[in-house]
1. Near the amide H of Glu277, under 5 Å away, which other amide H atoms are found, from residues 5 or more places off or on another chain, if H is placed in the peptide plane?
2. Please provide three numbers in whole Å: the alpha-carbon extents of region 80-174 along the principal axes, with the largest listed first.
3. Across region 359-369, in residue order, what do the Karplus-derived ³J(HN,Hα) couplings come to in whole Hz, using 6.51 cos²θ - 1.76 cosθ + 1.60 with θ = phi - 60° and x for Gly and Pro?
4. Across bins of 5 angstrom width beginning at 0, how are the C-alpha pair distances of region 244-428 distributed, in whole percent?
5. List, in order, the whole-Hz ³J(HN,Hα) value for each residue of region 458-471 obtained from phi through the Karplus relation with A = 6.51, B = -1.76, C = 1.60 and θ = phi - 60°; use x for Gly and Pro.
6. Under 20 Å from a point placed 7 Å out from the Cα of Ile468 along the Cα-to-Cβ direction: which residues of region 82-125 have their backbone N that close?
7. Would you work out the relative contact order for the chain, in percent, from Cα pairs under 8 angstrom that are 6 or more residues apart?
8. Give, as ranges by residue number, the residues of region 253-272 whose backbone N falls under 16 Å from the point 7 Å along Cα→Cβ of Lys299.
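Each value in this text was obtained by applying a stated rule to the coordinates, not by laboratory testing. All of these numbers come straight from a predicted model, not from anything done at the bench. Here the Cβ positions follow ideal geometry from the backbone for every residue, glycine too, while neighbour counts run over all protein chains shown.
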Amino acid sequence: MTTTEARPATMFDSLNPATGEVVASFRIDSAEDVALAVARARKAAVWWQAQGYKGRKRLLRKWRSIIASRLDEFAALMHRENGKPEIDALLELSLAIEHLDWASGSAKKVLGRRRVGSGLLAANQWASIEYMPYGVVGAIGPWNYPVFTPLGTISYALAAGNAVVFKPSEYTPAIGKWLVDTFAEVVKEPVFQLITGYGETGNALCTSGVDKLAFTGSTATGKRVMAACSATLTPVVIECGGKDAFIVASDADVDAAAEAALFGGMGNAGQTCAGVERVYAVASVYDAFVAKLAEGARKLRAGEDEGASYGPITMPSQIDIIKRHIDDAIARGGKAVVGGADSVQPPYVQPVILTDVPEDSSAVAEETFGPTITVKKVRDEREAIELANDSRYGLGATIYSAKKGREIADQLSCGCVAINSVLSFAMVPELPFGGVRDSGFGRIHGADGLREFSWPRSVTSTRFPAPIKLATFDRPANARSLTVKLVKTLWGRGGK
Ligand code: NDP
């Protein structure tokens with residue numbers, strides 16, 4: 001089948017980005033369709049919550065086993081619809097599975113009822129906290145990691161006891177459908193549903209009255225999502241892109257740094273929110289690093305065959321952005337050490353390494369989301385830190401250094417840092433993932449990710465009568481003097 005076969009106006013095609021072939025056709029769900037899905041989810045959420053942590057863990061782990069046992073089938077679909085090599089799809093799936101396993105196994109410990117200290121003034125109280133599911137969570141997913149990224153929301157939201165209505169990107173709906181269909185093999189209730197369509201369908205999800213909305217995508221759309229959600233005061237978690245810096249310190253293992261920068265920058269065709277986009281290498285190691293990086297980049301190749309290092313650009317319109325950034329960098333005096341403007345060969349972009357690019361050019365300031373890396377020579381680590389932090393984004397960063405990694409990490413203003421490895425923070429299920437500034441707010445993954453999809457309920461219970469009754473109009477006559485004495489004794493000393 002080719003791209004342009006007649007189909008009803010209420011449907012759209014998902015295409016193989018490498019060949020243009022139709023992978024499958026999907027409904028463009030209307031606002032009414034979305035409202036119906038949310039209404040179904042609301043009922044299912046009650047059932048899902050009643051399963052308790054134990055029941056949900058059992059069902060989520062059954063789902064995990066189905067995904068794991070059909071790994072090859074799923075990776076092949078991911079290759080077809082997203083374009084990434086199957087080995088990358090397998091890596092993405094493995095990570096997503098581990099997160100699902102962790103979320104399902106940890107929900108009770110993180111969210112379940114626990115006693116907390118009651119303080120001195122309320123010493124007669126038994127104080128407890130527990131985290132309650134919101135009810136229905138709406139998830140709007142991206143196309144670049146069409147399994148790992150949405151499951152970073154969905155696994156955690158489900159484990160916390162929510163029903164989920166999922167709108168995958170219009171570029172990867174078949175992958176979203178595979179996830180929902182396999183879940184339905186385990187859970188017959190509509191606890192996890194799919195809606196499909198374009199931005200308007202996503203917008204309908206924002207205004208549908210879901211109890212929380214999780215968005216991953218561009219900052220511009222993130223702002224639109226937040227504005228739409230504000231009408232119903234729907235809370236949001238916003239995971240946008242980044243312009244992640246990679247610092248090569250004077251004591252770095254240059255070979256290892258170059259290898260990591262290449263994978264972080266070019267892997268997945270550079271379509272990684274926390275991918276390496278700009279490198280700051282200290283002068284003493286700059287030449288050796290650039291030489292090694294260039295040598296490695298020249299060995300990489302975009303393509304669809306098994307030997308290709310990475311696949312096509314999934315979203316066709318991204319190619320223009322990548323080209324604009326390369327053109328701007330070169331027009332502003334940047335040097336293309338590897339590749340250049342003619343590396344853009346739709347639907348592929350071959351590796352591009354740029355040096356001497358001004359910091360205010362789009363290639364350094366804006367998210368490129370392609371297989372391009374800029375490298376800048378810096379005086380020392382201090383300058384590298386200043387430039388790394390001088391960005392409207394603040395998602396992740398990487399540092400290569402034998403001894404100074406932690407010291408540099410402590411000065412970086414971003415959500416996640418990897419020292420002497422790349423992207424590893426996203427692989428650790430217990431670590432929250434997310435950014436600051438234009439990279440968004442809120443967290444997926446880890447205990448914070450579970451709490452993101454629940455609200456805290458605080459309960460106090462009186463264990464015995466208070467020695468001094470203060471919360472009553474019927475206070476003892478000496479309440480004032482006792483209070484003054486108590487507060488001064490407890491907290492009036494020290495503090496110097
Ligand atoms: P968008 O932010 O436009 O889209 C992300 C998701 O939001 C998609 O599912 C999209 O649906 C949906 N959407 C679009 N408009 C609305 C709306 N008004 N209300 C609700 N949902 C909406 O990103 P793109 O896919 O267009 O990519 C653009 C840029 O975003 C890239 O160049 C890249 O820089 C960045 N990006 C960052 C990602 C990350 O991981 N942080 C992931 C993907 C992109 P549909 O696809 O159907 O339009």
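1. Asp244
2. Cα spread of region 80-174 along its principal axes, largest to smallest: 63, 24, 17 Å.
3. Coupling constants for region 359-369: 4, 8, 6, 4, 5, 9, 8, 10, 6, 8, 6 Hz.
4. Reading upward from the zero bin: 1, 9, 19, 23, 22, 15, 7, 3, 0.
5. Listing the rounded values in order: 9, 10, 10, 9, 6, 8, 7, x, 5, x, 10, 7, 9, 8 Hz.
6. Residues 118-125 fall inside that zone.
7. 17 percent
8. Label zone hits: 254-267.
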